[in-house]
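The values are calculated or read from the model by the stated rules, or taken from the named source; none is laboratory data. Remember, predicted model here, so these are calculated numbers, not experimental data. FYI the Cβ positions are ideal-geometry reconstructions off the backbone, even for glycines, and counts take in every protein chain you see. Areas reflect the complete protein model, heavy atoms only, side chains present, ligands, DNA and RNA absent. Shrake-Rupley method; radii C 1.70, N 1.55, O 1.52, S 1.80 Å.
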Amino acid sequence: MNIKIIVLMAAIATIVLAGCNSKGEEPQTNNSADDVKTALADSGRINLNNLQWTREPASFEIKADTITITTAPHTDLWQRTYYHFQNDNAPVLQMKTREKFFSFVVKTDFTQSHHRFDQCGIVMYLDSANWLKGSVEFENDEFQHLGSVVTNNGYSDWATTAIPADVKTMWYRFSRREDDFCIECSTNGVDFSQMRICHMPAAAEEISFGIYACSPEESSFTAIFSDMKITECAWKAHDGQQPD
């Protein structure tokens, strides 16, 4: 065979191989849709089938507009502070975005919660050391804890207020303004009250956020999530004291 033909064939083979990965497949590209931008373009509607599990529970159901999660015993999200233990096994169902300004709303129904620390709510779970959550945690037949946890660099805090035990539904609104975040709650889905403002350095670019449910002790219950939507950022820019 002519030497020029051999060289030409070798060059063609090199070009072809360069367009494939080591398994002979097409090279992977990062073309996944931004879930927030997609929802905003569709009047705030979220395609629940596009959400991704960080940890999948043994029992769940996703319908057109409702998600149910049945918790397993000894599941939780907590890192170190005060209790010193680390629990990082709660099921988390999330969407991803790089959008810097938006709000996420969801209604939670925890009528079946019955054991201490049973909980369900909103979450932004980046990794085991950086996340936040807002929920109602069952305590007893008289009161329960409405609260939030922010975990930075592997250490959690916990801010709570006591509410009556007969409250069995709660709306949450999670808002992002760049790498600052606001968690709000509502008993009617219309009037929201601030629970927490926080900063999370690990959340400077792409984030994952959504819902979770867990039972830290020997318990199990079914949590119901509905009325999920994405809106323009409802957490308005600060109009008070100007920065230094």
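Overview of values
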quantity	calculated
Relative contact order %, the chain, counting alpha carbon pairs below 8 Å whose residues are six or more apart	26
Sulfur and carbon atoms: percent of accessible area, the chain [1.4 Å]	51
Flagged links, alpha-carbon separation over 25 Å, of Lys96/Lys168; Lys96/Lys229; Lys37/Lys168	Lys96/Lys168; Lys37/Lys168
Solvent-accessible area per residue for the chain (1.4 angstrom probe, square angstrom)	54
All-pairs alpha carbon distance profile, the chain, 5 Å steps from 0, percent	1, 6, 13, 17, 17, 15, 9, 5, 4, 3, 3, 2, 2, 2, 1, 1, 0, 0, 0
Dipole magnitude (debye, nearest 20) for the chain, charges at Cβ of Lys, Arg, Asp, Glu	820
Value of [θ]222 nm, deg cm²/dmol, for the chain, DSSP H segments ≥ 4, -39500 (n - 2.57) each, nearest 500	-3000 deg cm²/dmol
Residue of Phe225, Phe143, Phe181 that the Gaussian network model of the chain assigns the largest fluctuation, springs spanning Cα pairs under 10 Å	Phe143
Relative packing of peptides 63-70, 228-235 - highest average C-beta neighbours within 10 Å first	228-235, 63-70
Ordering of 121-134, 198-211, 100-113 by packing [mean C-beta count within 10 Å, highest first]	121-134, 100-113, 198-211
C-alpha long axis of helix 3-18 to longest principal axis of the chain, angle in °	0
Computed over region 77-206: relative contact order in percent, which uses C-alpha pairs under 8 Å that are six or more apart	23
